[in-house]
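This report refers to the structure that appears directly beneath it.
No value in this document is a laboratory result; all are computed from the given coordinates. Quick caveat, the model's predicted, so the values are computed rather than measured. All Cβ positions, glycine included, derive from the backbone under ideal geometry; neighbour counts span all protein chains shown.
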Amino acid sequence: MTCREATREELERVHTRAHVERVASTAGRSVRFDPDTQAGPDSHAAALKAAGAVTDAALRVLDGGLDRAFCLVRPPGHHAEADRAMGFCLFNNVAVAAAAALARGLQRVAIVDFDVHHGNGTQHTFEADPRVLYISSHAYPFYPGTGSLEEVGIGPGRGFTVNLPLPPGMGDLEYARLYREIVQPIGAAYDPELVLVSAGFDAWGGDPLAPMALTARGYAELSAVCLAIAGGAAGGRAVFALEGGYDLEGLASSAVTVTRALLDEPMAGVDPVAGPIDTLVARYRAALAAYWPVLAR
């Protein structure tokens with residue numbers, strides 16, 4: 001499917017006009033935004049199409065033209081703030097898509113972010129808005145330094161930001177417990193009308209930028225949970241968008257796994273078992289049950 005560019009109106013629901021214009025000014029040249037983030041001569045065009053593809057996919061899903069979608073886009077997006085490019089991200093693709101869905105009148109959009117890095121830009125975009133539930137599992141402390149368990153949103157959005165910070169070395173079994181016992185119950189209780197997934201594959205074991213140990217079976221489990229969350233009011237409507245992932249074998253294997261999940265192909269999952277993750281799960285329950293009684297025991 002061909003993808004379109006994001007419009008100025010769509011971008012400016014999330015980003016400041018000054019930021020949109022600054023990124024546009026890089027067209028045809030190389031500009032460094034910070035030590036990690038640089039635009040090349042074609043980066044602005046790519047970023048417009050990345051944000052446009054995810055937004056278009058979300059709107060097509062809402063209109064019934066697609067059941068689900070997987071957007072294999074770069075640059076990634078979840079680190080991009082309203083007024084700042086960072087972490088390889090120029091525009092916040094998933095946030096722009098979520099804002100477009102809200103503009104269509106949706107009242108409950110869930111964003112699940114399983115990239116190994118915390119999506120600071122996505123959190124900050126919606127942290128005061130109860131119409132968006134943002135759930136992020138990520139290595140912590142780690143780049144970009146945000147995403148503590150205590151960050152739960154502000155004002156009317158309090159409780160609708162759910163951060164699940166993880167120590168290094170977590171693999172399929174730990175993620176399966178986390179997603180089945182924390183992420184899925186919260187998502188089901190929220191019962192979103194649309195599910196957007198920041199699908200970062202840098203928690204793959206062996207990724208050069210991250211300390212986790214997921215395999216394809218683990219990503220099958222994460223995908224299954226995200227689709228289960230979409231099984232209520234969303235009617236199965238879900239859009240996955242590529243974020244990080246820097247090991248080519250892991251990126252390919254994980255992307256195939258997500259694609260198979262979206263096509264409802266049977267895959268071997270992971271049986272969650274008791275283990276070192278027990279203490280973390282108990283800690284998450286204790287911290288989040290005040291906002292999500294479904295976690296109380």
Under 14 Å from a point 7 Å along the Cα-to-Cβ line of TYR291: which residues of the range 96-118 have their amide N that close?
-> 110-113
Find how much the distance from ALA82 to THR279 grows on full extension, using 0.36 nm per residue of separation minus their present alpha carbon separation; answer in nm with one decimal.
-> 67.4 nm
Counting pairs of Cα atoms in the chain, how many percent are more than 29 Å apart?
-> 27 percent
Segment GLU9-ASP67, extension gain: residue separation times 0.36 nm, minus the distance between their alpha carbons | 18.3 nm
Helix 216-229 versus the longest principal axis of the chain: what is the Cα-based angle in degrees, 0 to 90, to the nearest 10?
-> 90 degrees
Radius of gyration, Dmax [the range 93-132; alpha carbons; angstrom] = 10.1, 31
Counting DSSP beta bridges in the range 8-295, what percent are antiparallel, to the nearest 5?
-> 15 percent
Pulled fully out, how much extra length does the chain show between LEU149 and ALA268, if you take 0.36 nm times their separation in residues and subtract their Cα-Cα distance?
-> 39.8 nm
Given only helices, namely DSSP H runs of n ≥ 4 each adding -39500 (n - 2.57), what is the per-residue ellipticity at 222 nm of the chain, to the nearest 500 deg cm²/dmol?
-> -11000 deg cm²/dmol
Ranked packing of 251-264, 172-185, most packed first, by mean Cβ within 10 Å = 172-185, 251-264
Sticking with the crude label model, points 7 Å out along Cα→Cβ, report the distance from ALA189 to ASP34 in nm, one decimal please.
-> 3.2 nm
